[in-house]
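For reference, the structure is listed below as structure tokens.
The values are calculated or read from the model by the stated rules, or taken from the named source; none is laboratory data. Note that this is a predicted model, so its numbers are computed, not measured. In this analysis, Cβ positions are derived from the backbone assuming ideal geometry, glycine residues included, and neighbour counts consider all displayed protein chains.
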Amino acid sequence: MNGLARLARTEWGGLYRTVRGALARRGLRAVPTTLSAVCLTSVLHFVQNQPWGFGPVQDIGSVRAEEPLGQALLRTPLSLFVPALDLPVWGALLQILLVFGVAEICLGWWRTLVIAYTATLAGTLYARVGIALGPLHPLGLPATDAQVVDTGPSAAVIGLALFLCWRHRAYLTGGVVIAAMIAELLLKGNLAGKEHIAAIGAVLALCGLSALRRRPDRGIGCAPKAPPVKP
């Protein structure tokens, strides 16, 4: 039990202290973007389940690979907040509240939105590439997937969780997230599973770029300059 407690502190201790401190100081004011996202998702869920609202929500937030690329790109940001019809809405709301909330506190609202959109966009664009490759290619998809409605926060949530794990050095948790998505792909092999892998690849690229930016400005393979010798 002590070993598990030490592991938990190592993995999540810094993250927990950061979130607890922010909530203690500011309460819900620490996560305004997250609360807005939860409200927006709730409203879109309510509207799309009304006889008069399904069409409008699909027109502004539903993405399919068979649609023109420009139209899909315009819909992609809002598609993140349109709950999938075949999944319970409480799952999407809980994912947004928990993962977006932690990310907003630890990364800031604009980084949270950039990472979430990057992960979602990666999955959306992969669907087009996979269909173009065809079902016989290891990375390909069947043509019927072009008609699948692609909405929901799952790719964004996975991407944010992975970036948080990297930023706070919770590498074991990050590995578990990746392993779970690979297992999902092997078990289901559907469009969503492959889009999640694409989202992971995009966020890992963001982690690499962020690591390069955070490195000291020194030449690769060069020793640091010695301080000048005073006369």
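Details
- Hits in region 11-38 - residues which are over 24 Å from Leu162 (Cα atoms) and under 23 Å from the mean Cα position of the chain (by Cα): Arg29
- Any chance Pro51 is without any contact (Cβ under 8 Å) to a residue 12 or more places away in the chain and either outside any helix (DSSP H, G or I) or within 28 Å of Ala127 (Cβ to Cβ) (or both): yes
- Every residue from region 1-58 that is among the β-branched types (Val, Ile, Thr) and under 22 Å from Leu80 (Cα atoms): Val31, Thr33, Thr34, Val38, Thr41, Val43, Val47, Val57
- Meets criteria (loosely packed, with under 12 Cβ neighbours inside 10 Å, among the aliphatic types (A, V, I, L, M) and more than 30 Å from Ile131 (Cα to Cα)) for Leu35: no
- Filter pass, Leu125 being closer than 16 Å to Ile158 by Cα and either aliphatic (A, V, I, L, M) or buried (at least 20 other Cβ atoms within 10 Å of the Cβ) (or both): no
- Checked across region 27-46, the condition of being touching a Pro at 6+ places or on another chain (Cβ under 8 Å), farther than 18 Å from Val148 by Cα, assigned to a helix (DSSP H, G or I) and among the polar types (S, T, N, Q) holds for at least one residue.
- Residues considered: Phe81, Phe100. Of these, the only one that is surrounded by 21 or more Cβ atoms within 10 Å (Cβ to Cβ), at pLDDT 95 or above and not in a helix (DSSP H, G or I) is Phe81.
- Condition check for Gly175: exposed (fewer than 13 other Cβ atoms within 10 Å of the Cβ), of a type in the set (Gly, Ala, Ser), at pLDDT below 95 and farther than 14 Å from Leu15 by Cα: no
- Pick from region 128-152, criterion among the aliphatic types (A, V, I, L, M) and assigned to a loop (DSSP other than H, G, I, E, B), ranking: surrounded by the fewest Cβ atoms within 10 Å (Cβ to Cβ): Leu136
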